[in-house]
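> Pasting a structure here, questions to come.
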Amino acid sequence: MSSTTVALSDLIAALGGDLLGGSELRIAAIAPLDEADEHGISFLANPRYQAQLATTRAGCVIVAPALAEAAAARGAAIVTPDPYLYFARLTQWWAARARSRASAGVHPSAVVSPEARLGQGVEIGPLAVVEADAVIGDGARIGAHCVVERGAAVGAGTRLAPRVVLGHGCRIGARGIVHSGVVIGADGFGFAPSKSGYVKIEQLGNVRIGDDVEIGANTCIDRGALADTVIEDGVKLDNLIQIAHNVHIGRNTAMAGCAAVAGSTRIGANCTIGGAANIIGHLNIVDGVHISAATTITRSIAAPGVYSGPHPFEENSSWQKNAATLRQLHTLRERVRALEKK
Amino acid sequence: MSSTTVALSDLIAALGGDLLGGSELRIAAIAPLDEADEHGISFLANPRYQAQLATTRAGCVIVAPALAEAAAARGAAIVTPDPYLYFARLTQWWAARARSRASAGVHPSAVVSPEARLGQGVEIGPLAVVEADAVIGDGARIGAHCVVERGAAVGAGTRLAPRVVLGHGCRIGARGIVHSGVVIGADGFGFAPSKSGYVKIEQLGNVRIGDDVEIGANTCIDRGALADTVIEDGVKLDNLIQIAHNVHIGRNTAMAGCAAVAGSTRIGANCTIGGAANIIGHLNIVDGVHISAATTITRSIAAPGVYSGPHPFEENSSWQKNAATLRQLHTLRERVRALEKK
Amino acid sequence: MSSTTVALSDLIAALGGDLLGGSELRIAAIAPLDEADEHGISFLANPRYQAQLATTRAGCVIVAPALAEAAAARGAAIVTPDPYLYFARLTQWWAARARSRASAGVHPSAVVSPEARLGQGVEIGPLAVVEADAVIGDGARIGAHCVVERGAAVGAGTRLAPRVVLGHGCRIGARGIVHSGVVIGADGFGFAPSKSGYVKIEQLGNVRIGDDVEIGANTCIDRGALADTVIEDGVKLDNLIQIAHNVHIGRNTAMAGCAAVAGSTRIGANCTIGGAANIIGHLNIVDGVHISAATTITRSIAAPGVYSGPHPFEENSSWQKNAATLRQLHTLRERVRALEKK
């Protein structure tokens, strides 16, 4: 990444912002304030960390207007209303520079059905499989070892990392990113009990995913039983997440790693779901709900806000005593009630 | 799915049931009562939802005998003792109609050892790998990118979705379904401590899986240390489940997504394990135990019943106060005791 | 495995230990004390199980010096200071005997860039992909369907099971084992909020993994945002674990299945993290910390010791009453306080 350097002026030309000083400076790396050297660019998004301005060795710091003077006093600075957002755009620009320019086209080892439809500038990696009636949008990239089953659709500019399965009839929109190991469109978990054991309910729905969605490694999104499982535009899912059949996730909701949502639950827009949080089935969570990590949601949530539920951890011997008492908590309340009546 | 329609009479011929009215009706889709239109077929399994009979637009409703009259009063009806089971069988019949008739045979891109044994009517997908001494039963389907290692066995009629690994010496019985990303037969997690760090205990057992087992996407079942890990007939595992080495799961037990069972634990028959439930190692859970979602089982369970344990969730500020108090719960009990002694 | 037998004397020659009796004995299997027959070898590591010496049918038992006399009184015995460690080494020796001697070399179906560098005695499995500038160390084995992206490095003697993704620029050291489905180097989960939704922060760091590391099936280790995610020498990770960006795990720490560590958390050396435990982001856990299964760590831990936190499980009706009371725990404490003031 650092084999070539970038002139600050080129960076400003691409991303905007006001440059104070450093017009001759060349940048070799993006780095945190406390790790950057004189060839590094850093950002200061949180005014609480302003003291780091005095100690950082960074060649250039991205700051908000309020800190422009302090930043410029120590070296080059880029002034922009939202330094964190500027930093995000900088990483994108930086990655685009470094990205290997794989020539578009179908790798000769890929197995692509003649009945698949490929858009302009599509890239199909080695040993990928694209079945009949699949539709790959313009500029989409299908990684090595991906399987795009019959009738599935990948939107324009969407990238599947190596080894993604997109099941038959499932769709993802434009500009998405799907990481390795993701399984979209496996069967939902549905069975009817019978005297001779469970009888499978074939899952006849699909998965519909909007635009600008990112899905982390080894995450699973099951197809619906009759209707579809739906992920709206702008949703971000981290790794190892389980989305069961007929779940509906509203736009711009983000879920951290190892979260799980059981069947038919509906989550609103602009929610955040913490890591390893679980939401049981058939619930309704409104827009703007924030669920803390490792929280189990067992009832619908009708009001925006922050909801939490992990059991507090402690040094083990203390936990053992408290956990034993917890098993008698109801009785303890009865005892307090009895004392109050005296 | 809905490109062709089905005569109700054909459906009755295939699946049985008593048809009231609608002998001329053709069905285009299976749908829930509240979404079906006049070309749709729905079911009413729970008498609590009987009121929906009055409002559904479904062309035909599958009902139990007690509701036959009410259903027939509004349109076509199929009467059967167990409408939900009938619905399950209907989905299977429906899916079988729609399924692409992939011609059996070995895709030319697959890498199949000449020392593997393939049964009649076997289908091996693109880029699958089948190693020496593997045995593939009659009518089994091995999806794209699957790896069936040396000496592994797949029973008759079993289907591996794309990208399943079945490790060396591991076996799955007949009529199974294994979804994408499943890893059967990775090493169990076993090490002996030593002064220079952990020393690996090679895992010399296998995985033995019975008939009629379904395994969800990205689920892992480790091979045993010395003896085998065993999954009995009729077990249903959802996605992202962890089954550690030497676990034994009894017949017709079902586990929901993200559940985990640690090493050497034995779970009985006809149990249900909720999503994200965890069971620690070396326990014994008897037949007929039902564990709620997100419950951690830390002791053996000797009696059938329902067992629960998630920490209740709350609005965050309330949770914070209660969690802080929980850390002093044992002390609180002592204080109540002191009050009682006064 | 048991098709051939092994002379005890050969075993002693390879692994050491003092053999008492049985110089003519041949062993067919390694088995637990209660399952071994007269051709089996077992070990007794925990003196609590000494009584099993009287009942086991094992042909030979591995014991510590204190039990040498008792063991020899009943049949052959191998005496060694640490029987469990001896057993671990025995499993390795046993597995090496049984392992198929796959000829080293590149399978003709693999897609290996001419710009990749392969060491001596490297084995590349069927349909694996090795991109430009990847470096594969001497004697490393890359399983079927693996993807080693551009610039990634695999150390000498390390084995990737089938279907592992090692992302661009990521490195694993020598003598490692990576199980199927592992994804190393997917993007960390990082976004800047904006009025039009989340803006991706490209993840520019890599993953650096030391020597002698084992990683379980379907585990994910994300690349760092700017700096690297680091796994030190000797770390053992079980299945379905989530390691977020910029996590640092110290040497010889072991984590059981389904554990998760959120971004930028630092875990010390010689820790053990129980199954399904969660550690939130930006924490510091010192060396020698042991976290129980299903515990959620929400604060840094500054002292070695055992920490626990799962909510106790109960029979369901009892749990319901206690959980309801738990929601009023803070109030209950206030009531006790009021009683004390009377």
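The values are calculated or read from the model by the stated rules, or taken from the named source; none is laboratory data. This is a predicted model, so every value here is computed, not measured. Note that each Cβ is placed from the backbone with ideal geometry, even for glycine, and that neighbours are counted across all protein chains shown. Surface areas here come from the heavy atoms of the whole protein model, side chains and all, with no ligands, DNA or RNA. Shrake-Rupley method; radii C 1.70, N 1.55, O 1.52, S 1.80 Å.
> For C:LYS342, list the aspartates and glutamates whose Cα falls under 18 Å from its own Cα; do not include residues on the same chain fewer than 8 positions away.
By straight Cα distance, C:LYS342 reaches A:GLU340, B:GLU334, B:GLU340, C:GLU334.
> Which lysines have a Cα lying under 22 Å from the Cα of A:LYS200, excluding residues fewer than 8 positions away in the same chain?
Within reach: B:LYS236.
> Could you give the Stokes-Einstein D for the protein assembly as shown in µm² per second, using the C-alpha Kirkwood radius, 25 °C, 0.890 mPa s? Write out the running numbers ahead of the final one.
Working: Rh = 30.4 Å.
Estimated diffusion coefficient is 81 µm²/s.
> What is the range A:282-342's relative contact order, in percent, from Cα pairs under 8 angstrom and six or more apart in sequence? If you can, show how the numbers build up before the last one.
Values: 44 pairs, mean separation 15.5, N = 61.
Once normalised by length, the contact order is 25 percent.
> While we're on this one: If I ignore ligands, DNA and RNA and count only protein heavy atoms, how much of A:ASP10 is accessible to a 1.4 Å probe, in Å² to the nearest 10?
Its accessible surface works out to 90 Å², give or take rounding.
> Hey, if you drop one equal point scatterer on each alpha-carbon of the range C:23-98 and run the Debye formula without solvent, what base-10 log of I(q)/I(0) do you get at q = 0.11, 0.18, 0.19 Å⁻¹?
So the normalised log intensities are -0.23, -0.63, -0.71.
> Still on this model: Using alpha-carbon positions, what is the distance between the centroids of the range A:135-202 and the range A:7-24, in Å?
42 Å
> Separate question: Under 17 Å from the 7 Å Cα→Cβ point of B:SER317, by amide nitrogen: which residues of the range C:300-342?
Of the residues in the range C:300-342, C:328-331 have backbone N under 17 Å from the label point off B:SER317.
> Taking springs between alpha-carbon atoms closer than 10 angstrom, which of A:CYS220, A:CYS170, A:CYS60 fluctuates most in the Gaussian network model of chain A?
Largest GNM mean-square fluctuation: A:CYS60.
> Normalising by the residue count of the range B:232-342, find the relative contact order in percent from Cα pairs under 8 Å and 6+ residues apart. Walk me through the intermediate numbers first.
Details: 251 pairs, mean separation 17.5, N = 111.
Rounded, it is 16 percent for the range B:232-342.
> Here's a follow-up. Can you work out the FRET efficiency for the pair B:LYS195 and C:GLU35, with r the C-beta to C-beta distance and R0 = 35 Å, to the nearest 0.05?
0.70
> Calculate log10 I(q)/I(0) of chain B for q = 0.14 Å⁻¹, where I(q) comes from the Debye formula with a single equal point scatterer on each Cα and nothing for solvent.
-1.14
> Name the most mobile residue of A:ALA110, A:ALA324, A:ALA36, meaning the one with the largest mean-square fluctuation, in a Gaussian network model of chain A with Cα contacts below 10 Å.
Looking only at A:ALA110, A:ALA324, A:ALA36, the largest GNM fluctuation is found for A:ALA324.
> Starting from the Cα of A:HIS282, step 7 Å along the direction of its Cβ; do the same at B:GLU24; then give the gap between the two resulting points in nm.
Placing both labels 7 Å beyond Cα along the Cβ direction yields 3.9 nm.
> A follow-up question, please. Averaged across the residues of B:223-231, what count of C-beta atoms belonging to other chains lies within 10 Å of each residue's C-beta? Mind showing how you got there, number by number?
Details: counts 0, 0, 4, 11, 3, 0, 0, 0, 0.
Mean inter-chain Cβ contacts per residue within 10 Å come to 2.
> Can you list residues from other chains, or at least 5 along the same chain, whose modelled amide H is less than 5 Å from the amide H of C:ILE177?
C:ARG159, C:VAL213, C:GLU214, C:ILE215
> Just to confirm my numbers, what's the Cα centroid distance between the range A:37-101 and the range C:28-46 in Å?
64 Å
> Okay, moving on. Quote to one decimal, in nm, the extra length available between C:ALA132 and C:GLN50 on full extension: 0.36 nm per residue of separation minus the C-alpha distance between them.
Details: separation 82, 0.36 × 82 = 29.52 nm, distance 5.71 nm.
Length gained, C:ALA132 through C:GLN50: 23.8 nm.
> Considering only protein heavy atoms, what per residue accessible area in square angstrom results for the range A:200-285 with a 1.4 angstrom probe?
Details: 1860 Å² over 86 residues.
Each residue of the range A:200-285 exposes 22 Å² on average to a 1.4 Å probe.
> Looking only at other chains, what is the average number of their beta-carbon atoms within 10 angstrom of each beta-carbon in C:250-261? Mind showing how you got there, number by number?
Details: counts 0, 1, 4, 1, 5, 1, 8, 13, 14, 3, 11, 2.
That average works out to 5.
> Using a label point 7 Å beyond Cα on the Cα-Cβ vector, give me the inter-copy distances for A:ALA51 in nanometres, one decimal, shortest first.
Going from nearest to farthest copy, the values are 6.2, 6.3 nm.
> If you take every DSSP beta bridge fully contained in the protein assembly as shown, what fraction is antiparallel? Give it as a percent rounded to 5. Please list the in-between numbers first.
Values: 27 of 227 bridges.
Close to 10 percent.
> Continuing with the same structure: In whole percent, and with a 1.4 Å probe on the protein chains, what portion of the accessible area of the protein assembly as shown is carbon and sulfur? The partial results should precede the final answer.
Numbers: 19610 of 38580 Å².
Within the protein assembly as shown, the accessible surface is 51 percent carbon and sulfur.
> For chain C, what's the relative contact order in percent, using C-alpha pairs closer than 8 Å and at least 6 residues apart? Show your work: numbers first, answer last.
Details: 926 pairs, mean separation 21.2, N = 342.
Answer for chain C is 6 percent.
> Follow-up question, since we're still on this one. Rank C:ALA260, C:ALA302, C:ALA88 by mean-square fluctuation in a GNM of chain C with C-alpha springs under 10 angstrom and give only the top-ranked residue.
Ranking C:ALA260, C:ALA302, C:ALA88 by mean-square fluctuation puts C:ALA88 first.
> What accessible area, summed over both chains, is buried at the A-C interface (1.4 Å probe, Å², nearest 100)? Show your work: numbers first, answer last.
Values: alone 18390 and 18420 Å², together 31150 Å².
For A against C, buried area totals roughly 5700 Å².
> Across the range A:182-189, in residue order, what do the Karplus-derived ³J(HN,Hα) couplings come to in whole Hz, using 6.51 cos²θ - 1.76 cosθ + 1.60 with θ = phi - 60° and x for Gly and Pro?
Computed from phi, the couplings for the range A:182-189 are 5, 10, 10, x, 5, 5, x, 9 Hz.
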